[in-house]
1. Would you work out which of 62, 103, 14 lies farthest towards the positive end of the dipole of the chain, given +1 charges on the beta-carbon of Lys and Arg and -1 on that of Asp and Glu, about the Cα centre?
2. If you take every residue apart from residue 81 with its C-beta less than 11 Å away from the C-beta of residue 81, what net charge results, scoring Lys and Arg +1 and Asp and Glu -1?
3. For region 43-108, compute Rg over Rh where Rg is the Cα radius of gyration and Rh is the Kirkwood radius from the inverse mean 1/r over Cα pairs.
4. State log₁₀ I(q)/I(0) for the chain at q = 0.10, 0.15, 0.16 Å⁻¹ as given by the Debye formula over alpha-carbon point scatterers of equal weight, solvent excluded.
5. Using modelled backbone amide H atoms (1.01 Å from N, in-plane), which distant-in-sequence or interchain residues come within less than 5 Å of residue 4's amide H?
6. What is the total of Lys pairs in the chain with C-alpha atoms under 19 Å apart, excluding same-chain pairs fewer than 8 positions apart?
7. Hey, in the GNM for the chain with a 10 angstrom Cα cutoff, which one of 84, 74, 106 fluctuates hardest?
8. Could you tell me how far the Cα centroid of region 63-107 sits from the Cα centroid of region 20-46, in Å?
Amino acid sequence: MYCRNCGLEIDEKASVCIHCGVSAGKGDKYCQNCGTTSNPNEQACLSCGVQLAGTGKDWLTTLLLSAFLGYLGIHRFYTGHTAIGVIQLLTGGGCGIWALVDLIMIVTKNYTDAEGNPLSDVKI
Ligand SMILES: [Zn+2]
Ligand SMILES: [Zn+2]
């Protein structure tokens, strides 16, 4: 994979870039998969189509899904937590309580997607 900060190749298991010292997955200048330059506000690479590391799902979309469809677990499906989404769908968002907890987590920005990426802020 490639460093998202300097674009040089780094080991797949490296947690820090050996070239520039930035944590792997941090940065917004290069694609971690193919190493081509990426735009800071891109969510996916234009060259190879992978989701760029460190770019979580859209925070506002997740918030709205959770607020209106949280009892169906739709926000869980959206952020890749499919198994939890199914449980929430079957239990009505854990009788609404689980859906409410998720909503609070999203509002306070403690919610992460299935890959552990924080939700991306609204880009203006
Ligand atoms: Zn680097
Ligand atoms: Zn790429």
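1. 103
2. Details: positive: 57, 76; negative: 102, 113, 115.
The answer is -1.
3. Numbers: Rg = 13.0 Å, Rh = 12.2 Å.
Expressed as Rg/Rh, it is 1.07.
4. -0.37, -0.71, -0.77
5. 25, 26
6. Lysine pairs, 8 or more places apart or on different chains, close enough: 9.
7. It is 84.
8. 30 Å
Here, each number is a calculation from the coordinates, and none is a lab measurement. Just so you know, these numbers come straight off a predicted model, no measurement behind them. Cβ coordinates were reconstructed from backbone atoms using ideal geometry, including for glycine residues, and neighbour counts include every protein chain displayed.
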